Structure formats: structure tokens, C-alpha cells
């Protein structure tokens with residue numbers, strides 16, 4: 001380290017899955033070198049740090065091997081696997097230093113020369129894989145890219161999604177990481193300090209108590225930042241770590257614990273809430289028992305059942321507190337923002353004034369509360385009727401409607417059932433109840449009917465039920481019979497489908513280049529148009545080549561307005577648009593030339 | 001409910017609330033299925049649900065002519081593990097005992113009240129009780145069985161309960177509780193058809209009532225999770241066409257009072273239900289102001 005050079009035993013890998021080449025890694029502040037153990041191996045590396053754009057490393061404690069991943073400005077990654085985490089840490093520091101050093105020096109010119117459109121090797125590999133796996137895509141690629149109708153970039157531009165989330169994610173990450181070091185930096189200005197004091201009264205109190213008697217200002221804030229850092233790590237492990245650190249450090253615990261001043265203030269506010277509001281009663285009146293409801297933060301539901309709950313602050317708490325402070329809105333005096341000490345003092349004074357008034361209001365609050373309860377709890381029945389001029393709403397008894405409806409239905413049912421069972425009809429209420437009780441006691445003495453259901457009946461019911469289901473299936477599935485396409489011979493069908501996919505591809509590119517704003521787009525469109533008219537003529541040829549009895553079918557298929565495959569319709573629409581655009585263009589250019597000359 | 005908070009519920013644990021029609025006027029008039037037969041089928045079905053999963057829970061609510069009440073709750077059935085008194089399990093004897101008490105109460109209440117024109121059972125009350133019970137289960141904690149309601153009804157729909165039943169249906173829909181219905185009466189029940197349709201439950205009207213148990217186990221025994229993989233009988237269609245208030249004919253298109261939502265098959269000057277005066281149907285500007293006028297000249 002002292003000499004500025006580090007050398008470690010590593011395995012060099014081109015990808016994570018690669019078994020790797022064993023060798024030695026040499027690091028200086030300017031460059032890194034890799035020498036393989038076996039002299040025969042071709043894998044060697046000697047590059048300057050200014051070409052390294054980004055570095056990543058595996059975290060200690062994860063069950064992965066200790067690895068360092070350097071990404072060059074060309075997007076190629078170099079992975080080194082170390083023998084231990086200690087080695088990794090040494091190298092990590094060295095790389096961090098080297099990178100921050102090169103970061104300060106002006107960027108080398110050659111990085112800007114690399115065109116942004118140039119795909120990384122990773123992406124190229126992905127493309128190749130895609131083509132290998134998807135024969136249809138391969139056909140399209142061969143047909144259009146090799147023939148020069150589309151450029152490589154154009155072809156893939158419409159398939160960004162296919163290339164997979166991992167690639168796009170990686171490139172996003174690269175732009176997001178700006179710092180070259182492993183430090184976490186907190187910036188504190190008097191203004192921020194004032195905000196912190198206002199939102200976290202416990203921090204304010206701790207500051208007044210501790211600074212500068214017990215600790216220096218710098219110590220105080222670094223401790224505070226440490227606490228903030230712990231709190232922002234969102235998983236359960238971090239909470240446990242926070243708990244552990246708080247147990248060791250008294251002052252740190254001050255920042256991590258829930259704010260007791262805030263809590264008492266909240267309690268005071270709750271006392272002022274409308275006494276008739278029963279929040280507990282409404283607690284279950286939501287959708288939280290249903291799936292997919294609840295607050296989602298960072299893609300995962302918050303779990304508050306951790307034993308270190310004390311050290312977890314929720315997002316909503318922070319938001320609410322911030323909102324409360326903003327709404328309180330105390331004016332900021334420019335004078336106060338000189339340094340943190342004055343900020344603290346000024347806030348203390350304004351708070352004192354507030355507290356005095358608070359105590360006063362607390363005295364009155366109880367009185368208020370009592371009178372409010374008696375006012376709110378008025379019982380409607382005991383009140384004199386309020387004689388507001390109201391027009392009575394005349395609503396007919398809705399029962400009339402339903403009674404008359406039901407009467408007709410009942411009449412029908414009586415007509416059908418009266419013949420079969422006239423004796424039971426005339427039973428009175430008492431007799432009905434008695435007979436029902438009889439049947440209950442009948443079951444009680446003799447038990448359930450045995451067997452509950454005879455096999456014959458069970459089979460009958462089962463077949464009726466399944467017949468019902470299968471018949472509805474048949475009805476709904478009937479529409480998906482053979483299409484016209486299925487009646488054609490396989491070769492023609494395949495050819496048609498091939499033309500169809502090609503046409504789709506071309507149309508996609510065609511329409512995406514509108515409106516034509518550049519000459520590049522213009523040439524692209526004319527290129528595409530030529531290709532499409534070629535397909536059109538090919539389709540015509542195909543139509544002529546097939547036998548006469550099938551020709552009709554193919555014609556049907558190709559004819560516009562056919563619901564199965566509106567080949568020509570799509571083509572014609574594109575062509576018409578092209579012609580119209582061309583006319584407009586020539587007219588415009590004609591106008592302009594007229595105007596100028 | 002209180003005995004199992006520590007157990008982990010998976011998605012195939014059911015809470016089935018069975019609404020049992022105990023309307024004496026229906027059962028004494030029913031010729032195809034006697035009440036004791038019906039009870040045999042239902043009791044066997046309840047037992048089989050409890051056997052399907054040991055965390056399954058069944059609540060039976062009797063809906064009588066004058067009142068309704070809980071008559072069985074498997075979670076509070078303390079004697080479930082107790083000895084069987086001779087010929088039947090304690091489940092059955094407990095339920096039958098409660099049912100008998102319920103019938104006596106129902107009859108007593110009936111003597112104090114005047115009889116209704118249509119001998120319907122109190123479906124709305126039973127539905128409300130079922131939904132209350134389910135709400136309580138929802139609030140018991142994050143882990144609870146998946147609830148559903150099964151209506152075993154035979155009595156005709158009570159028109160005076162229309163609003164109450166519809167309200168229950170909508171609140172079941174809101175809390176995503178399906179209402180299954182098995183209607184053993186003579187005609188289809190419009191209430192239950194709509195209930196099952198709106199809440200995505202299953203409506204079945206068995207053709208062979210002596211095979212009721214088979215219907216119940218085939219259609220209604222599967223838990224809600226498995227239901228998504230199973231083809232269950234779906235009604236050919238629920239008729240949602242409304243009847244007009246003036247001639248009681250079923251119409252596809254009609255006029256609706258903007259105040260009380262009464263339906264008419266042709267244009268009226270005044271709503272026959274609430275007395276609102278309508279403007280000219282043709283002129284747009286005058287009608288909007290006129291339709292709002294709801295105070296009649298009384």
C-alpha cells in the first residue's frame with residue numbers, strides 16, 4: 001500500500017459463470033495488470049484506470065465469493081475473484097483511490113469518441129442469443145438487415161424489450177452511480193440543521209444539552225448522520241444493527257429512539273380530537289383484509305412485527321412529521337441562518353413562546369372538551385323538532401309494486417302445484433310448525449336417511465351437472481373452428497404467414513418513422529415502401545401460382561376487409577399515406593421555391 | 001374463531017355460512033322434498049365440509065318466517081370431540097337441538113305478528129347476520145379462513161325485503177364474499193340469482209331433489225381457491241331487464257324518473273311513484289330544469 005502498488009492472488013473471469021483463470025492482479029494508482037499463473041494462457045490484461053468507468057464488488061456476509069467487477073468505458077466488464085474478503089477490501093480501497101484520482105483529472109478524449117449507439121459486447125451477445133432461439137426473428141433479420149432494408153440498429157430499436165430487463169437495468173445503474181468512492185456523504189447547512197431541529201425536537205434538545213459541553217459540534221453531527229444512515233437501511237438486519245449500536249452508544253441511542261417530545265405533543269393533539277370520533281370503530285372498515293391492499297414501499301409490504309420495532313421509522317411517520325412542520329411554518333430570519341448554534345437558540349426561543357401558550361390552551365382544553373361532548377352528544381329524540389320549511393316527498397309504498405309482481409307469480413305457482421298436493425295447502429301456521437318440529441324429532445330418533453343418496457341418483461345428478469357444463473363449453477368453443485388458413489396446403493400457409501410477419505415488421509418500422517422530420521427518415525421510408533411493394537408483388541405471384549380452386553380462398557384472404565388477414569388493407573393504407581405525404585412534400589417544396597425565386 | 005389464531009391459514013381454508021330455510025309454510029307445502037330429507041342432506045354436507053380441511057369452519061343460520069338466528073358454529077362447538085350420544089355425532093344433535101329451540105321461538109313470535117301475504121322466509125335478515133359474522137372474522141386478524149355464504153332456500157322471494165336483500169348483496173360484493181345459492185323451491189328465485197351473479201357465486205336449482213347431497217358436494221364443497229380451476233355450472237343468463245311500473249311488462253328500454261328511479265314504458269307528465277313533474281322529453285334545456293323539480297303541488 002505504501003509503495004502504491006497492491007498485488008493479490010485472483011481468478012480473472014469474463015463473466016460470473018466463467019470458472020476463471022488463476023493469476024495475480026497488480027494495482028497501482030494509474031493502471032491495473034493481470035498476469036495468469038500459467039504462461040500459456042492468453043488471458044492477460046493491462047489497462048489504465050482512466051478507462052475504468054465503474055466498479056462493483058460483492059458485499060461481505062452474502063454467500064457469494066468475494067468478487068470485484070470493473071466496467072470499462074466500452075461496457076466490457078472484468079471480474080476478479082479473490083481468495084478472501086480481506087484481499088477484496090484492500091483492492092477495493094486501492095481501486096476507489098485510483099478512480100477518484102482519475103475522476104479529478106480531465107477526462108481522456110477517447111471516451112467521447114465512442115459513439116453512444118455502439119452496442120456493448122453484452123448486448124451483442126444477447127442479440128445473437130435471441131436470433132438463435134427465435135427462428136422467426138432470425139428469418140426477419142436475415143431478410144431485412146442483410147438486404148439493407150433496415151439497419152442493424154433500426155431492427156433492434158423496436159425490440160428493446162425483447163433484449164430483456166437485465167440489460168436495460170444495468171445501463172440504468174451505470175448512469176446512476178456517479179461517486180467513485182465508498183463513502184456516504186451528508187451535507188448539512190444551517191438551513192438543513194434548522195429543518196432537522198424543527199422536525200426532530202429530541203435532536204434539538206440533545207444539541208442544546210450536549211454541544212459544546214460534552215462533545216464537539218462535529219462529533220454531534222457525525223453521530224446524528226450515523227443514526228440517520230442506520231435508520232435508512234430498510235431491512236430487518238439493519239434494524240437489528242441499529243439496536244445493537246444503540247445499546248453500546250448512549251448518544252447514538254438518543255437519535256435512534258422514537259422522539260419522546262414528539263410523542264407527548266402527539267398525545268396532547270389526540271386529546272384535542274373531536275371526542276365523538278371513534279377511531280377504533282372504523283379501524284376494520286377498509287380493504288386491508290383483501291389481497292393487494294396496503295402500503296407498499298420499495299416493492300415490499302412493510303412488516304412491522306420485528307422485535308426491533310422501536311428502531312424502525314416508517315415512511316408515513318416521516319412524511320407526516322415533515323408536513324406538520326411545513327404547515328406550522330415559522331418565518332426564517334436570515335440572521336438566524338449564520339451557524340448552527342444560533343439556529344438552535346432561535347428555535348428554542350420560539351418554542352418557549354409556543355409552549356407557554358400550549359400550557360394555557362391545555363388548561364382550557366379540558367373545559368372545552370367537556371362542553372363539546374355535551375354539545376355533540378345531543379340525542380335526536382329529545383330535541384325539539386326543527387321546523388324548517390320542507391316540501392314533503394310523496395313516495396308511494398314501494399311494496400305495492402312488488403306485491404303485485406309477486407301476486408302474479410304466486411298465482412302461477414298455485415295453479416301448477418294445487419292439483420298435486422291439495423291437502424298440505426290448507427295447513428294452518430300451528431300445524432305447519434308442529435309438522436316441522438315432528439320432522440326434526442324424527443331425525444333425532446332415527447338419525448339421517450341411510451344411505452343419504454342412492455348410487456343411481458348420484459350418478460344421474462353427476463351426469464346432469466357435467467352435461468350442463470360440457471354443453472356450455474361446446475357452445476362457446478364453436479366459434480373457434482377452422483379458419484380459412486387451415487384449409488390451405490401447408491406450404492402456401494407457411495408462405496402466407498411468412499409474408500405476414502415480414503409485412504408486420506415493415507409496417508411497424510414504416511409507421512414509427514412518421515412524421516418525417518429528417519432526410520434520414522425520408523430515405524428509410526422510401527426504402528421500406530419499396531420493400532413492401534416487393535412483398536405485394538410476391539403475394540400477387542403467389543396468388544397466381546396456386547391452383548384455381550384454392551385461388552379463391554387465397555384471394556379472399558388477401559382481399560381487404562377480410563377479418564382474418566387484412567394483408568392488402570394494411571399495405572394499401574401505408575401506400576396511400578406515402579403517396580399523400582409525397583404530394584404534400586412536393587407541393588410544399590414547390591411553394592417554397594416559388595416564394596424564394 | 002378464538003381457538004385458532006396461532007394456526008396458519010392457507011388460501012384453501014373455508015368459512016361457510018349456511019343459510020337454512022326453515023319456513024314452515026314452505027316445507028309443509030313442499031311435496032318433492034320433505035324437511036327431514038332436506039336436513040339429512042344438509043347435515044351430511046356440513047359434516048363433509050368440516051372433514052375436507054380441519055381448519056374449515058361452518059356456521060349455520062336458520063332463516064325462519066318471523067326471525068333468524070345462529071343455530072350452529074363449528075368454532076364454538078365445544079363438544080365436538082365429545083362422545084356421540086348413541087346414534088348420531090354431537091354436531092348433528094347440537095344443531096338439531098338448537099333448531100328445535102329456534103322453531104319454538106319462531107312460532108311464538110309469529111303469534112304476536114300479523115301474517116304476510118307471501119309466505120317468504122327472512123332471507124335479508126339471515127344474509128345480514130352472515131355478513132356481520134364474516135366482518136367479525138375479517139377483523140379478527142390478518143389470518144382468517146376464506147368466507148363464503150351458501151343460501152339453501154326454498155321459500156318464494158319476499159318483495160318487502162327487496163331493498164334489504166339488495167343492500168346485503170352489494171355489501172357482500174364490496175367485501176368480496178361470494179353468495180352461492182341452491183334453490184329448492186318451485187320457481188327460480190330472482191333474489192338469489194342476482195345475489196350469486198353480482199357476488200360471483202354459483203346459483204343452482206337442482207332438478208333431482210332426492211340427489212341434493214350430490215349437488216351440494218359437487219358444486220358447493222370446493223374452497224374458493226380451488227374454484228378458479230374448476231368448471232362449475234353457470235346459469236345460462238340472468239334476466240336483468242326491468243319491469244315497468246305502469247303496466248308491469250318487461251322492457252328493454254324505457255323512461256326513468258330522475259328523482260326516484262321508477263321505470264316506465266312510455267313518457268308520463270308526472271311520476272306516478274313520487275309525483276315529480278317532468279318537462280318535455282324533446283327539448284333539452286327545459287327538461288333538465290324541470291326534471292329536478294321534485295316538490296309536488298300538494
Most exposed first, judged by fewest Cβ atoms within 10 angstrom, A:215, A:128 run A:128, A:215
Residue separation between residue A:217 and residue A:229 times 0.36 nm, minus their alpha-carbon distance, gives in nm 2.5 nm
Of the stretch B:18-45, those with amide N under 19 Å from the point 7 Å along the Cα→Cβ vector of residue A:438 are B:22-40
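Would you mind ranking B:27, A:511 by Cβ crowding within 10 Å, fewest neighbours first?
Taking fewest neighbouring Cβ atoms as first place, the list is A:511, B:27.
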Expected integer from the mean partner chain Cβ neighbour count at 10 Å over B:180-187 is 1
Row for the stretch B:11-228, column shape: gyration tensor on C-alpha, a ≥ b ≥ c, rounded if a/c < 1.5 i.e. under 1.5, prolate if a/b over b/c, else oblate; value rounded
For the pair residue A:533 and residue B:187, the simple spin-label estimate (label points 7 Å beyond Cα toward Cβ) gives in nm 7.2 nm
Taking a crude spin-label model, label points 7 Å out from Cα along the C-beta direction, the residue A:9 to residue A:146 distance in nm is 5.1 nm
The FRET efficiency for residue A:508 and residue B:230, from their Cβ-Cβ distance with R0 = 51 Å and rounded to 0.05, is 0.80
Once residue A:540 and residue A:69 are pulled to full extension, the length gained, defined as 0.36 nm per residue separation minus their Cα-Cα distance, is 163.9 nm
Heads up, the stretch B:142-234 by the C-alpha gyration tensor (a ≥ b ≥ c square roots of eigenvalues; a/c under 1.5 rounded, else a/b over b/c prolate, else oblate) looks oblate
For the residue A:244, residue B:266 Cβ pair and Förster radius 56 Å, calculated FRET efficiency rounded to 0.05 is 0.10
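Please report A:520, A:510 as a ranked list, fewest other C-beta atoms within 10 angstrom at the top and most at the bottom. Kindly include the intermediate steps, with their values, before the conclusion.
Values: A:520 10, A:510 22.
The order, fewest Cβ neighbours first, is A:520, A:510.
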The alpha-carbon pair-distance distribution computed for the stretch A:492-548, with 10 angstrom bins and whole-percent values, is 22, 44, 23, 10, 1
Placing each pseudo-label 7 Å from Cα in the direction of the beta carbon, residue B:111 and residue A:318 end up separated by a distance in nanometres of 7.1 nm
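None of the figures in this text is laboratory data; all of them are computed from the coordinates on show. The model shown is predicted, which means the values in this text are computed figures rather than measured ones. Backbone-built Cβ (ideal geometry, glycine too); neighbour counts: all protein chains shown.
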